[in-house]
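Heads up, the thing below is written out as structure tokens.
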Amino acid sequence: MNLRYLAIEAKLVARNSRFAIFTVVMPSVLFLIYCGLWAKNGATYPDGSAVAPSLMVAMAAYGSMGAALSTGAQIAMERGIGWQRQLRLTPMPGVTYMLTKGLLAMLMAFPTIGLVSVLGVIQGVDLSGGQWLRLILGLWLAAAPFAVLGIMIGQYATVDSLQPIVSGLMMVLGLLGGMWIPAQIVPDWMQSIMKITPTYWLREVGQAAFAPHPVLGTAAAVLGGYAVVAGLLAARRYVTDTARV
């Protein structure tokens, strides 16, 4: 792992104000709005689960997903300007490049989880220290498949198509994954659709910290499957591009 290269990349991303607005500020603002609308006076869903913690997990998951996805996908910009091609001519191995991009995406996923969690405390979400640790660490680790998915998108997308692809994917995954419409209030047939998406299981990992019947095994299997498939596709594209250099 090239820590110096990672530090340079992290500084570049941190200076991007648009990135901070859409991946950190927006989920936090949405959480406060949703709490004001639906989480008053200890409100609960029909299944008895508390609204405020569930909304907190959903918005933290949405922000971490967006941060990991969009950070990894920035590879498309580097491919577009020829920077990735230049890096292939340096001693840096391709594996190091990919791992650095993945770790960068993971680092960028953490701020939104932390901020939304702090706002959750302010909104009255009451969890034990162990539950907070499992929630924050679980969401952060579960964002890894989205970092890999972002890298895969970056390897295939062009500069012009990158923004529509990432924005559209975030919208679809947020909607079908139960982040905008809670799974607790939708019909069974829609829950079945939600369970196909990785975002549903990302949310489940966060809720496992306080849910009466956590499903971490299934969540790990589904998210791991998405990560493996996306990783293989990204690696294949990288090798194909390298052969052209």
Gyration tensor (alpha-carbon) shape descriptor, the range 97-203, a/c threshold 1.5: oblate
- request: Starting from the Kirkwood radius over alpha-carbon pairs of the range 118-163, derive D by Stokes-Einstein at 20 °C in a medium of 1.002 mPa s and give it in µm² s⁻¹.
  value: 163
message: Counting only helical runs of four or more DSSP H residues, what would the 222 nm mean residue ellipticity of the chain come to if each run contributes -39,500 (n - 2.57) and the total is spread over all its residues?
response: -24500 deg cm²/dmol
- line: Order by accessible surface, 1.4 Å probe, largest leading, for residues 141, 176 comes to 141, 176
statement: By the Kirkwood definition, with r running over pairs of different Cα atoms, the range 152-245 has a hydrodynamic radius in Å of 15.1
Rounded tilt (10° steps) of 3-14 against the dominant C-alpha axis of the chain: 60
statement: One finds, for residue 29 and residue 133 with R0 = 22 angstrom and r their Cβ-Cβ distance, a FRET efficiency to the nearest 0.05 of 0.30
query: Going by alpha carbons, how many degrees (0 to 90, nearest 10) lie between the helix axis of 198-207 and the longest principal axis of the chain?
result: 50
task: Pop out the carbon and sulfur fraction of the accessible area of the range 93-245 as a percent, whole number, probe 1.4 Å.
output: 73
task: Can you sort 79, 18 by 1.4 Å-probe accessible area, starting with the largest?
output: 18, 79
message: Whole percent per 10 Å bin, from 0 to the bin with the longest distance: what is P(r) over all C-alpha pairs of the chain?
response: 8, 32, 34, 18, 7, 1, 0
- request: Note down the relative contact order for the range 145-245 as a percent, whole number, built from C-alpha pairs under 8 angstrom at least six residues apart.
  value: 37
- prompt: In percent, what relative contact order does the chain have, based on Cα pairs under 8 Å that are 6 or more apart in sequence?
  reply: 25
query: In nm, to one decimal, how far is the residue 83 label point from the residue 15 one, both placed 7 Å along Cα→Cβ?
result: 1.1
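Let me know the volume per residue of the alpha-carbon convex hull for the range 1-145, in Å³. If you can, show how the numbers build up before the last one.
Working: hull volume 17.8 nm³, N = 145.
Normalising the Cα hull of the range 1-145 by residue number yields 122 Å³.
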- prompt: Accessible area per residue of the range 15-100 at 1.4 Å probe, in Å²?
  reply: 48
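The values are calculated or read from the model by the stated rules, or taken from the named source; none is laboratory data. Bear in mind the structure is a predicted one, so any value in this text is a computation, not a measurement. Positions of Cβ are generated from backbone atoms using ideal geometry, with glycine treated the same way; all protein chains shown enter the neighbour counts. Note: accessible area is taken over every heavy atom of the protein model, side chains too, but ligands, DNA and RNA are not part of it. Shrake-Rupley method; radii C 1.70, N 1.55, O 1.52, S 1.80 Å.
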